[in-house]
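Enquirer: I'd like to ask you about the structure that follows.
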Amino acid sequence: MSATIQKVIGNSVFQFVHGIVNKNELEGEKRMAINVSEQWDVVAEKMSKVTDRLGKPIDPGIFDTVVALNVLGFKTTMSCEGHANRGVAAPWIDIEPQNAARIKKQVSEVQRQKYPEGGSHPLTEEAKQLTSQIEQEQQKLLQQLISYLQQFYSDHQCEYDQIIIPAVMSTGRIRLQSIGASSNQQSEVAINLQKYQQEMIRFTNFMKNYVSR
């Protein structure tokens, strides 16, 4: 795997993917018995009412993935089932720490108090500390996602570009998507989209089985 890929996806995720590619033994956390299957209907009902800024509901092709992640305790903020003619030609889900939105609001308020005239300014010390809180929670979230993915890939193999990774997109935001999502060649969009959707479905089924044990 190239140094460029390692730089893009981060060391923790790089080590996770590198372990899969080389078929090394995966050392995830021990699975903890959880009894949350009864939450599925409640979460599904809640997610069925979620819409984007255009009033559109969650795409049906990613709906169960969103529900499963929320049942497992993750806070999803955006998602897409993937489309060949627009956006990203692969399914993806954005996840953030539970308190990220609240802390980001605090950062904005601190900056506004310091610089009432607005515009772009360096973060104040207080704002830096608040941002650091988000980053710490983001790292915890990243490790939790990696743990589930390690368990999924411990007995499942796929093509390299199909491997689902948690990519850090910005402070407080992690995107779950296949490695090849960001470099999908136009001539292979339709084929790859189907591959990536199938892999997300497999991971979704893994999560469903996990919560129904």
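Enquirer: Any chance you could count how many residues in region 60-74 are surrounded by fewer than 16 Cβ atoms within 10 Å (Cβ to Cβ) and either over 19 Å from Gln39 (Cα atoms) or touching a helix residue (DSSP H, G or I) at 6+ places or on another chain (Cβ under 6 Å) (or both)?
Expert: Initial filter on region 60-74 (surrounded by fewer than 16 Cβ atoms within 10 Å (Cβ to Cβ)): 60, 73.
Those left that are additionally either over 19 Å from Gln39 (Cα atoms) or touching a helix residue (DSSP H, G or I) at 6+ places or on another chain (Cβ under 6 Å) (or both): 60.
Number satisfying all stated conditions: 1.
Enquirer: Here's a follow-up. How do the pairs read when you match residues in region 48-72 that are without any contact (Cβ under 8 Å) to a residue 40 or more places away in the chain and closer than 28 Å to Gln143 by Cα with residues anywhere that are among the β-branched types (Val, Ile, Thr) and assigned to a helix (DSSP H, G or I), using Cβ under 6 Å and keeping only pairs 6 or more apart or on different chains?
Expert: Ile58/Val66; Val67/Val43; Asn70/Val43
Enquirer: Report yes if some residue within region 113-122 is touching a helix residue (DSSP H, G or I) at 6+ places or on another chain (Cβ under 6 Å) and at negative phi; otherwise report no.
Expert: No, region 113-122 has no match at all.
Enquirer: Tally up the residues in region 159-213 that are out of contact with any helix residue (DSSP H, G or I) (no Cβ under 6 Å at 6 or more places or on another chain), part of a loop (DSSP other than H, G, I, E, B) and buried (at least 18 other Cβ atoms within 10 Å of the Cβ), please.
Expert: 0
Enquirer: I'd like to know if region 162-170 contains one or more residues that are modelled with pLDDT under 95 and touching a Gly at 6+ places or on another chain (Cβ under 7 Å).
Expert: yes
Enquirer: Being surrounded by 13 or more Cβ atoms within 10 Å (Cβ to Cβ), of a type in the set (D, E, K, R) and over 20 Å from Gly180 (Cα atoms), is that true of even one residue in region 137-157?
Expert: Looking through region 137-157, at least one residue is surrounded by 13 or more Cβ atoms within 10 Å (Cβ to Cβ), of a type in the set (D, E, K, R) and over 20 Å from Gly180 (Cα atoms).
The values are calculated or read from the model by the stated rules, or taken from the named source; none is laboratory data. The structure displayed is predicted, hence computed values, not measured ones. When we count neighbours, we look across all protein chains shown, and the Cβ atoms used for this are built from the backbone with ideal geometry, even at glycine.
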